[in-house]
Structures are given as C-alpha cells and as structure tokens.
Amino acid sequence: MRRYESIVIVDPDVSSENRVPLLEKIKDLIQQNGGFLVKIDEWGIQKLAYEIMKKVRGYYIRIDYCGTGLLVSEMERSFRIDDRVIKFMTILLEKEADIDRIKEELAKAAEAASAASAEQAVKAEDPVKPSDDIQADSGEIKTEQDSNGKE
C-alpha cells in the first residue's frame, strides 16, 4: 500500500455544517476502498496565492492516508464533482507504507499528547508558593533626600 497526502481547498463561503459531510464522505471513501486514514488536518481559511473561481481565500484541509491508485482516482473524481471543492492536489509520500508502523507512531503521539495534557492539569492545580527569600518591608521608605541629606 502507498501513502498519499491530499490538500483540498474548499470554498470559504461554505459553512462548517456543510463541510462536515464532505469530510465524512472522504472518510467513507477511504474505508470503502480498503485504505487507512492516518489524519485529517484542517488548516482553516488561508489566503490563496492567486485568485481561483473569483475567490481570494480558501479553507484548507490536509488528508494523510494509505491506499491504492484506485482510491486516489476515486477521491479525485469525487473532488471534481463536488462544487464545494475549489482545488485539490494529491502527492505520493511513500511507495511502500507500513501500516503497522504508522499505527504505532499514531499511538505514541496520542500517548505523548495525553501525558502532556495531564502534566499541564497537575501544574494548574498546584498553587503558586511565595518565595522564601522575599521578606516583608519594615514600612520605612528611604528617599534620596534621607540618604544624601539633599535632593
């Protein structure tokens, strides 16, 4: 199986409720064609390098997946038909992708993220302790006049 990455630019005027079915359709296509979805990364609205279909901005989505050439051609056919998609591009990341290794990497990343969030939660619960070297002032304020005799 090969590993691919597709960048899809969706019309920025499409609401988030209408983007969700597009993402679900992509997930279903990958599963139906025997592929493995690694990650869907939504980059959000970005400025386009040049105007496309009279639009200067687009909603970027990065899809990382493993599959065959048939899966890629089916996804691209789907993108061409869909009016919400302004532009798309698919590139080959790896010719021989090891799905087990990719699953291990995803598990390690998820583990590290959960450990980091747990560590932040513990830090948030600990109250800030005042430093021991800070001593209370006696209440007297010395000015330059007091020390020099003159201002």
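What's the total number of residues in segment 1-21 that are farther than 20 Å from residue 91 by Cα and in contact with a Lys or Arg (Cβ under 6 Å, 6 or more places away or on another chain)?
3
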> Would it be correct to say that residue 91 is within 20 Å of the chain's Cα centre (by Cα) and part of a helix (DSSP H, G or I)?
Replying inline: no
> Which ones in segment 89-109 are over 30 Å from residue 58 (Cβ atoms) and either among the aliphatic types (A, V, I, L, M) or touching a Phe, Trp or Tyr at 6+ places or on another chain (Cβ under 6 Å) (or both)?
Replying inline: 99, 107
> Can you pull out the residues in segment 16-62 that are more than 16 Å from the chain's Cα centre (by Cα), within 30 Å of residue 99 (Cα to Cα) and among the aromatic types (Phe, Trp, Tyr)?
Replying inline: 36
> Picking from 52, 61, 26, which residue would you name as being crowded, with 16+ Cβ neighbours inside 10 Å, on the phi < 0 side of the Ramachandran plot, aliphatic (A, V, I, L, M) and modelled with pLDDT under 95?
Replying inline: 26
> Out of segment 84-93, which residues are of a type outside the set (Lys, Arg) and surrounded by 13 or more Cβ atoms within 10 Å (Cβ to Cβ)?
Replying inline: 85, 86, 88, 90, 93
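The values are calculated or read from the model by the stated rules, or taken from the named source; none is laboratory data. Quick caveat: nothing in here was measured; it's all calculated off a predicted structure. When we count neighbours, we look across all protein chains shown, and the Cβ atoms used for this are built from the backbone with ideal geometry, even at glycine.
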